[in-house]
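Enquirer: My questions will all concern the structure given below.
The values are calculated or read from the model by the stated rules, or taken from the named source; none is laboratory data. All values reported here derive from a predicted model rather than from experimental measurement. Glycine also receives a Cβ, built like all others from the backbone with ideal geometry; neighbour counts cover every protein chain displayed. These area figures cover heavy atoms from the full protein model, side chains too; ligands, DNA and RNA do not enter into them. Shrake-Rupley method; radii C 1.70, N 1.55, O 1.52, S 1.80 Å.
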2 protein chains.
Amino acid sequence: MKRILGIDIGGTNVKLGIVDEDGRVLVDHIIPTDAADGPEAVAERVARWYGSVRPKFGDAAAAGVDCAGLIDGETGYLYRSPNLPGWDDSKLGKIFEDELALAVTVENDVNSAVWGEYVLGAGRGTGYFVAITLGTGVGGGIVADGQLYRGWQGLAGEIGHHIVSSGGPVCSCGNRGCLEALIRASSIVEAARNAAAESGDSVLEGKTDLTVEEVSIAAAGGDAAAVRALEETGRILGTGLANIVHILNPEVIAIGGGISAAGDLILEPARRSMKEKLMGDILGAVKVVPAQLGNMASFLGVSMLAVEALGERPEV
Amino acid sequence: MKRILGIDIGGTNVKLGIVDEDGRVLVDHIIPTDAADGPEAVAERVARWYGSVRPKFGDAAAAGVDCAGLIDGETGYLYRSPNLPGWDDSKLGKIFEDELALAVTVENDVNSAVWGEYVLGAGRGTGYFVAITLGTGVGGGIVADGQLYRGWQGLAGEIGHHIVSSGGPVCSCGNRGCLEALIRASSIVEAARNAAAESGDSVLEGKTDLTVEEVSIAAAGGDAAAVRALEETGRILGTGLANIVHILNPEVIAIGGGISAAGDLILEPARRSMKEKLMGDILGAVKVVPAQLGNMASFLGVSMLAVEALGERPEV
């Protein structure tokens, strides 16, 4: 069975490992990114680690590299990266190919995560799949007819920045009423703080550095204000989900990211709110489920994209 | 060059004709639908017309049939049709195949129209394309990577029923704040009537049976209230367009339907409003253009889908 060298480059750490064609991780490892050294230095460190495990785990047939940012998957070109300063306008694919002497597939982290969930996680066995990540921001990606939907410029899937409430609260992108503006972590915390202040008997009352995790724990423990805040978040998420279903008609939507730890406290109101807004029961057959791969999604996904790419290359 | 028998079934009339592989209409004709007679009777009438033109125009290699409703394009099954009473749950493809002795492709009218615009109209030469129809309702369809995007159940593209203004005006679907609720013909007329009443010097003031066409004519003639109503419509359409661009990243969006006759009076404010809401100039490279095929779009589109299907069938 063929092996892939998977390389998931974050702003702080690089997750790397050897993965087989079925997505089994044979060995993995974390190294600091030290992005300021540039992509060549990171590629060199990855090559060194690969060299050290090769005697035991054998040769990789290809490599997959992902990071955040605007990437042309066809050419492996990184236009812009929000969390890798100095890496803008670099031939990321070429740099890793030269260093590793392997065919390299490059994709952004969100598309990689979606593909991971599609092949190995919540989207297995479906043809039309959407993944949404809830956290500091709200991201997303689309699989259509078994293929990653990238769009004309490779920029599709910005589900967090579709407007569900014209004239609503200001978003990080400068617009008003984006889905992200309404359900990002900071908005949930604010909703919980307001609900707690109103209720007068919430465990969250007066807490300053409140996090979504604390809101979730309080809600799980039955705190009414926390439950209300998550329900409200779920209700708005449900509007976004209904929009996605009307436009894309997916079979499965997976919800991941830090906020998804709240589980059914958010997902149940989201499902209810979505179904209320769908035209016809038949569309309501869509399954809204938790993502399954957690923070391994991008790493596994880009490795599986490298497997796909192997099939597209002529045998030498 | 191969020929296709195109059959576009509306609630009142059936448009039918012989079209060549390049979309040239060799001959066409209109017959009344008389839907109450059932699909078999319509297929028989179509077959009779086909028989009458065959000596002159030659044999068709296949046929394409479209109508409004929920259709499974794979099997040619019509689940539900809003404007063909009694046709629900019929094997539309099989009925026409038996009657015509031709391979038959069946698709709904909206997807057919999108495919027509994609192959022969405003979407030619692109890979990622969206068409939106503005009229009594607001419809849409998607082409992704050169293929019609149908979705899991073939129900994708309900762009008119995505919510852009939570809690906004009630839509025909029962929800609030759908794009359709805000920019359908009746909403435009209402906006124009309100603007006219406010202005006090509009040619539209006091008109009772106002139509979008009259609003457009008044706006083209410089009537300020009419211009304002169309600008407001364009502005909201722009929010919907920005959402489509963020989710789907198309190269071209074509706007058709009765309302599109207002042209740049709606499209210019729509483009401006869209660009204000897009993250990054690069997404703003999308072209928002008028549709080109008018009421021939479905007829031509389903004919071109039949051409596609020819390529997928083994030669006999």
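Enquirer: With the structure loaded, tell me whether B:Asp98 is in contact with a Ser or Thr (Cβ under 7 Å, 6 or more places away or on another chain) and open to solvent by 30 Å² or more (accessible area, probe 1.4 Å) or whether it fails that test.
Expert: No.
Enquirer: Exactly one of (1) within 14 Å of chain A (Cβ to nearest Cβ); (2) touching a residue at least 60 places away in the same chain (Cβ under 8 Å); (3) buried (at least 24 other Cβ atoms within 10 Å of the Cβ); (4) not β-branched (Val, Ile, Thr) is unmet by B:Gly238. Its number?
Expert: (2)
Enquirer: Please go through the range A:105-127 and give me each residue that is open to solvent by less than 30 Å² (accessible area, probe 1.4 Å), within 21 Å of B:Ala156 (Cβ to Cβ) and not in a helix (DSSP H, G or I), ordered by number.
Expert: A:Ala122, A:Gly123, A:Thr126, A:Gly127
Enquirer: Give the residues of the range B:241-275 that are within 14 Å of chain A (Cβ to nearest Cβ) and among the acidic types (Asp, Glu), sorted by residue number.
Expert: B:Glu251, the sole residue that qualifies.
Enquirer: Show the residue pairs meeting these rules: Cβ distance below 6 Å; 6+ apart or different chains; first residue within the range B:74-102 and in a strand (DSSP E or B); second residue of a type in the set (Asp, Glu).
Expert: Cβ pairs passing all conditions: B:Arg80/B:Asp88.
Enquirer: Quick one: would you say A:Met274 is modelled with pLDDT of 90 or more, buried (at least 16 other Cβ atoms within 10 Å of the Cβ), closer than 22 Å to B:Arg176 by Cα and in contact with a helix residue (DSSP H, G or I) (Cβ under 7 Å, 6 or more places away or on another chain)?
Expert: Yes, satisfied.
Enquirer: Can A:Glu232 be described as surrounded by fewer than 16 Cβ atoms within 10 Å (Cβ to Cβ), part of a helix (DSSP H, G or I) and touching a residue at least 12 places away in the same chain (Cβ under 8 Å)?
Expert: So A:Glu232 does not fit the description; no.
Enquirer: Next question. Identify the single condition in (1) part of a loop (DSSP other than H, G, I, E, B); (2) buried (at least 24 other Cβ atoms within 10 Å of the Cβ) that B:Gly160 does not satisfy, given that it satisfies every other one.
Expert: If we test B:Gly160 against (1) part of a loop (DSSP other than H, G, I, E, B); (2) buried (at least 24 other Cβ atoms within 10 Å of the Cβ), just (1) comes out false.
Enquirer: If the requirement is being open to solvent by less than 60 Å² (accessible area, probe 1.4 Å), in a helix (DSSP H, G or I) and under 22 Å from B:Arg176 (Cβ atoms), which of these qualifies: A:Val215, A:Val245?
Expert: A:Val245
Enquirer: Taking B:Glu231, is it modelled with pLDDT of 95 or more and within 14 Å of B:Ile259 (Cα to Cα)?
Expert: Judged against the criteria, B:Glu231 is a match.
Enquirer: Quickly run through the range B:256-271 and pick out the residues that are surrounded by fewer than 24 Cβ atoms within 10 Å (Cβ to Cβ) and either among the basic types (Lys, Arg) or touching a residue at least 60 places away in the same chain (Cβ under 8 Å) (or both).
Expert: Result: B:Gly257, B:Gly258, B:Ser260, B:Arg271.
Enquirer: Go through A:Tyr149, A:Tyr118, A:Tyr79, A:Tyr128 for me and flag whichever is aromatic (Phe, Trp, Tyr), more than 25 Å from A:Thr211 (Cβ to Cβ) and at pLDDT below 95.
Expert: Result of the check over A:Tyr149, A:Tyr118, A:Tyr79, A:Tyr128: A:Tyr79.
Enquirer: Inside the range A:147-174, can you point out the residues that are hydrophobic (A, V, I, L, M, F, W, C), facing chain B (nearest Cβ under 7 Å) and more than 15 Å from the chain's Cα centre (by Cα)?
Expert: Across the range A:147-174, the qualifying residues are A:Trp152, A:Ile163, A:Val164, A:Cys173.
Enquirer: Going through A:Val138, A:Val106, A:Val143 one at a time, which residue ends up being farther than 24 Å from A:Cys171 by Cβ, within 14 Å of chain B (Cβ to nearest Cβ) and in contact with a helix residue (DSSP H, G or I) (Cβ under 7 Å, 6 or more places away or on another chain)?
Expert: Only one candidate passes the filter, namely A:Val143.
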